[in-house]
Amino acid sequence: MPLSTLLDPIEIGLLRLKNRIVLPPMATGLATAGGEVTDELIKHYVCRAKALGLLIIEHSYVERRGKLSSQQLGIFHDALIPGLIQLTEGVHAVGTPIAIQINHAGRVATSEISGAQPVAPSPISHSREHEIPRALSKKEIEGLVEAFGRTARRAVESGFDAVEIHGAHGFLLNQFLSPLSNKRGDEYGGRLEDRMRFPLQVVNRVKREVGNLSLLYRLGADDMKPGGVSLDESKFVAQRLVEKGVDAIDVSGGMIGSRPEMLQGTQGYFVPLAEEIKSVVDVPVIGVGGIRTAEFANDVIVRGRADLVAVGRAFLADAEWASKAVRDVEGSIE
């Protein structure tokens, strides 16, 4: 078989992408204080949509308690749907598929922003600077599963082509998976099968709502901290996610966050994790982590280390990154 390149099409579920370039979710702070879409937010994404394989909108909160920042995009209420429709229509007019990442901040939320005490699997603060969260009851966990489901329904009604569930970067689903933040003694804590119970319930519920739309999961594949989630555990989790209907795994960091200080300066610093996850699943895997050049991105695909490449900060700096990358790669393979 000929080797794939960054420019080759690929399918995520039933969604066909024209190439393997992904704009990953990155918070813009361009929504209103109530989480509504603004003209500035639409412009930000539309001007970056050209020549992309897939555009994933920034993490959007599924309920008010899960709001992280003051001008974070929301998808927690039906009143937000008209603005989200304007956003999807704007990106679709460029000819690019669009996904939205749905999230709950859990213990890294603040009462100042959300108006309520943060919630988490266990009453353990994220750091000395964070509030001590309240442990969720089992009934509340069931309610959050439904909140994710309602959010997925809104995503469908808003015209998104795919939904990505955020299970990385120390947010709520990652908090349940990690033994660093989950000290529960019930069926939602302890052994790995129980720590992954809530994330898998969310996947099941979201899958019911999205139907044939593509479902992605951003997996925090390694906490990179003693006693945290290991890559070996995440390989098992990835396989279970696929069994539950996830169409692609977007591999990133766990409790260490999206930009670990010790990995900065290295292009593709999470690509080794993606490569390991790719070895155990039969769905597309997205690699990410400080990727700056088209040459590096294409090499990741050619070497089979990941199936798609997400480029973040370089895209913020240059809205034409994808168009330039296409030209660069076309020139190198002629």
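The values are calculated or read from the model by the stated rules, or taken from the named source; none is laboratory data. These numbers were taken from a predicted model, which means no experiment stands behind them. Using ideal geometry, Cβ is built from the backbone for each residue, glycine included, and neighbour counts are taken over all protein chains shown.
Mind checking whether some residue in the stretch 3-16 is out of contact with any Cys (no Cβ under 8 Å at 6 or more places or on another chain), more than 28 Å from ILE113 (Cβ to Cβ), in contact (Cβ under 8 Å) with a residue 12 or more places away in the chain and of a type in the set (Ser, Thr, Tyr)? Yes, there is a match, as at least one residue in the stretch 3-16 is out of contact with any Cys (no Cβ under 8 Å at 6 or more places or on another chain), more than 28 Å from ILE113 (Cβ to Cβ), in contact (Cβ under 8 Å) with a residue 12 or more places away in the chain and of a type in the set (Ser, Thr, Tyr).
So, THR28, is that one over 25 Å from GLN86 (Cβ atoms), at pLDDT 95 or above, outside any helix (DSSP H, G or I) and of a type in the set (Ser, Thr, Tyr) or not?
no
For the stretch 155-169, which residues satisfy the criterion of being over 19 Å from ILE12 (Cα atoms) and surrounded by 24 or more Cβ atoms within 10 Å (Cβ to Cβ)? Answer for the stretch 155-169, where residues must be over 19 Å from ILE12 (Cα atoms) and surrounded by 24 or more Cβ atoms within 10 Å (Cβ to Cβ): just ALA168.
If the condition is being closer than 30 Å to GLN239 by Cβ and surrounded by fewer than 21 Cβ atoms within 10 Å (Cβ to Cβ), then the stretch 291-334 contributes PHE296, ASP299, VAL302, ARG303, GLY304, ARG305, GLY312. Going by what's in this entry, would ASP318 be described as within 20 Å of GLU164 (Cβ to Cβ), modelled with pLDDT of 95 or more and not basic (Lys, Arg)? In short, no. Got at least one residue in the stretch 61-83 being out of contact with any helix residue (DSSP H, G or I) (no Cβ under 9 Å at 6 or more places or on another chain) and at pLDDT below 95? No; the residues of the stretch 61-83 include none that is out of contact with any helix residue (DSSP H, G or I) (no Cβ under 9 Å at 6 or more places or on another chain) and at pLDDT below 95. Every test in (1) of a type in the set (A, V, I, L, M); (2) surrounded by 24 or more Cβ atoms within 10 Å (Cβ to Cβ); (3) farther than 22 Å from LEU68 by Cα is passed by LEU231 save one, and that test is (2). Residues that are in a loop (DSSP other than H, G, I, E, B) and in contact with a Phe, Trp or Tyr (Cβ under 8 Å, 6 or more places away or on another chain) within the stretch 231-279 comprise VAL246, GLY253, PRO260, GLN267, GLY268, listed in sequence order. Looking only at residues of the stretch 33-70 that are farther than 12 Å from LEU87 by Cα, of a type outside the set (A, V, I, L, M, F, W, C) and surrounded by fewer than 18 Cβ atoms within 10 Å (Cβ to Cβ), we find that the one that is nearest to the chain's Cα centre (by Cα) is SER69. On inspection, PHE270 does not qualify as surrounded by fewer than 17 Cβ atoms within 10 Å (Cβ to Cβ), touching a residue at least 40 places away in the same chain (Cβ under 8 Å) and either of a type outside the set (S, T, N, Q) or touching a helix residue (DSSP H, G or I) at 6+ places or on another chain (Cβ under 9 Å) (or both).
Listed here are the helices (runs of 4 or more DSSP H) enclosed by the stretch 129-218 that have at least 3 residues being within 15 Å of the chain's Cα centre (by Cα): 138-157, 172-177, 197-210. Residues of the stretch 71-120 that are farther than 20 Å from GLU140 by Cβ, within 20 Å of the chain's Cα centre (by Cα), aliphatic (A, V, I, L, M) and part of a loop (DSSP other than H, G, I, E, B): LEU73 alone.
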